[in-house]
Amino acid sequence: MNNSPSASERVRNIPTSAIHEMTRLSKQVRDVAFLSWAKPTSDTPEHIKEAAISAIQKGLVGGYSESSGMLELREEIVKKLKRDNNIDAEPSEIMVTIGAIEGLSATIMALIDPGDEVILPSPNYSTHANEVILALGKPVFVPTIEEKGFILDLEGIQRAITPRTKAIFYCSPSNPAGAVFDEAQLRQLAQIALEHNLMVITDEAYEYFTYDGHRHFSIGSIPEMKRNVVSGFTFTKTYAMTGWRIGYLHADKALIPQISKAHIPFAICAPVVSQYAALAALKGSQVCVKEFREHYLATRNLMCDRLMKLDSVFECQKPNGSYLMFPKILLKEGADSSTFCKELLKNAKVSTTPGVAFGPTGEGHLRLSFCVSEDEINKAFDRMDSYFG
């Protein structure tokens, strides 16, 4: 009899991350064209790095901060939320977190009891569903309307609500499809949430990267939603700070202490050196954000142009936001997106992410990241042209 300890059922129910699996497999292949990870290839801007170095040299980063984050940083976040998101906040409503992900995990743990249902638009960022599973909640996937650019199906969300529904959890601009849920739709979603007394949890990581006249809208800016929204934000995408692991939440000040009860055992506090870097990001020039956006717009257009030339292999809708896109695989082999992506890596040396990782309507797609150089995109598509030609 095998009496060795085993992993918990809640962890066993979570599949291995396809994103990280493709990264692992890609490292076994020489000279890969890498389009599978949503990690900017741009470096963190110099003024942010210099602020972190200065804080280290002054001996400011060796201890903990308050669990909710440095007060000066939270005060700057309040200014940013008012300026860019039209959200009225105060420092007591802000929690600085280890990226957006840790804060969203703490939020789910604070809100969800075993058996509670959380509605997620599909395709969705896989980590969000896993956060629900870890809390012993039940993810309920509602397909987005793909032919209209992966927009929300509000009637589908209404139909999915049951007495066990506790929250709606979405990402906009979305990962993986790059959809931007517009203000009109989100105001309707807010009405649904208020009607059923549901929480809305947002991941707004790509808030500054929208294109073609589309604008990001924060549902937390609706005054009536103040007690029903937890808004998640991050510095990691905006300022090319993925490795710094720094983000923040905004929620009603009555809820923040409850989220803190989960945040403290997960993290104690966000890394203090990263908090000083984030402070410099907010207080410094925002030209870098504009430059990143212009770069992503150019690489998006290039990637879409190259995909159009492979129209017998892929069908793609131009994303309105983020730096990700989610083309459909037209070949019959694409029905198993995991095998398709592994074969593409093996035979063409191009790393992508299988759509099956992004919810029940993700299968038959693959996710491509355009937060890379134009040379990397051309390298990848030159190889795919040869492979599929």
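At-a-glance table
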{"quantity": "Filter result (within 17 Å of E207 (Cβ to Cβ) and in a loop (DSSP other than H, G, I, E, B)) within region 282-308", "calculated": "Q286"}
{"quantity": "Leading residue by the ranking (nearest to the chain's Cα centre (by Cα)) among those in region 141-161 that are assigned to a helix (DSSP H, G or I) and either crowded, with 21+ Cβ neighbours inside 10 Å or not small (G, A, S) (or both)", "calculated": "E146"}
{"quantity": "Residue in region 353-373 that is out of contact with any Pro (no Cβ under 6 Å at 6 or more places or on another chain) and on the phi > 0 side of the Ramachandran plot present", "calculated": "yes"}
{"quantity": "Output for region 309-368, where each listed residue is in contact with a Ser or Thr (Cβ under 8 Å, 6 or more places away or on another chain), under 24 Å from P121 (Cα atoms) and in a helix (DSSP H, G or I)", "calculated": "C341, G355, V356, A357, F358"}
{"quantity": "Output for region 287-315, where each listed residue is touching a strand residue (DSSP E or B) at 6+ places or on another chain (Cβ under 6 Å) and hydrophobic (A, V, I, L, M, F, W, C)", "calculated": "L307"}
{"quantity": "Tally, over region 19-29, of residues that are of a type outside the set (S, T, N, Q) and either without any contact (Cβ under 8 Å) to a residue 24 or more places away in the chain or in the same structural domain as L279 (by TED's automatic domain parsing) (or both)", "calculated": "4"}
{"quantity": "From the options K349, K328, residue that is touching an Asp or Glu at 6+ places or on another chain (Cβ under 7 Å) and on the phi > 0 side of the Ramachandran plot", "calculated": "K349"}
{"quantity": "Which numbered condition A100 fails, given (1) assigned by TED's automatic domain parsing to the domain that holds T210; (2) in contact with a helix residue (DSSP H, G or I) (Cβ under 6 Å, 6 or more places away or on another chain)", "calculated": "(2)"}
{"quantity": "Residue within region 367-374 that is touching a helix residue (DSSP H, G or I) at 6+ places or on another chain (Cβ under 9 Å), touching a residue at least 24 places away in the same chain (Cβ under 8 Å) and surrounded by fewer than 20 Cβ atoms within 10 Å (Cβ to Cβ) present", "calculated": "yes"}
{"quantity": "Which numbered condition I77 fails, given (1) in contact with a Pro (Cβ under 9 Å, 6 or more places away or on another chain); (2) over 22 Å from S172 (Cβ atoms); (3) outside the structural domain of F326 (by TED's automatic domain parsing); (4) of a type outside the set (D, E)", "calculated": "(2)"}
{"quantity": "Sole exception among (1) under 25 Å from L136 (Cα atoms); (2) at pLDDT below 95 for R30, by number", "calculated": "(1)"}
{"quantity": "Search result, residues across region 70-104 that are surrounded by fewer than 18 Cβ atoms within 10 Å (Cβ to Cβ) and among the acidic types (D, E)", "calculated": "E72, E75, D84, D88, E90"}
{"quantity": "Qualifying residues in region 110-140 (those that are among the small types (G, A, S) and at pLDDT 95 or above) - the one surrounded by the fewest Cβ atoms within 10 Å (Cβ to Cβ)", "calculated": "G115"}
{"quantity": "Residue that is within 28 Å of A240 (Cα to Cα), in the same structural domain as E224 (by TED's automatic domain parsing) and touching a Pro at 6+ places or on another chain (Cβ under 6 Å), where the choices are S122, S105, S126", "calculated": "S122"}
{"quantity": "Residue in region 131-140 that is more than 20 Å from the chain's Cα centre (by Cα), among the aliphatic types (A, V, I, L, M) and not assigned by TED's automatic domain parsing to the domain that holds A357 present", "calculated": "yes"}
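Residues are listed down the side, and each one gets a yes or a no for (1) surrounded by fewer than 17 Cβ atoms within 10 Å (Cβ to Cβ); (2) of a type outside the set (F, W, Y); (3) over 22 Å from the mean Cα position of the chain (by Cα):
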site: Y239; (1), (2), (3): no, no, no
site: A280; (1), (2), (3): no, yes, yes
site: K283; (1), (2), (3): yes, yes, yes
site: K309; (1), (2), (3): yes, yes, yes
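The values are calculated or read from the model by the stated rules, or taken from the named source; none is laboratory data. This one's a predicted model, so the numbers in the text were calculated from it and none came from an experiment. All Cβ positions, glycine included, derive from the backbone under ideal geometry; neighbour counts span all protein chains shown.
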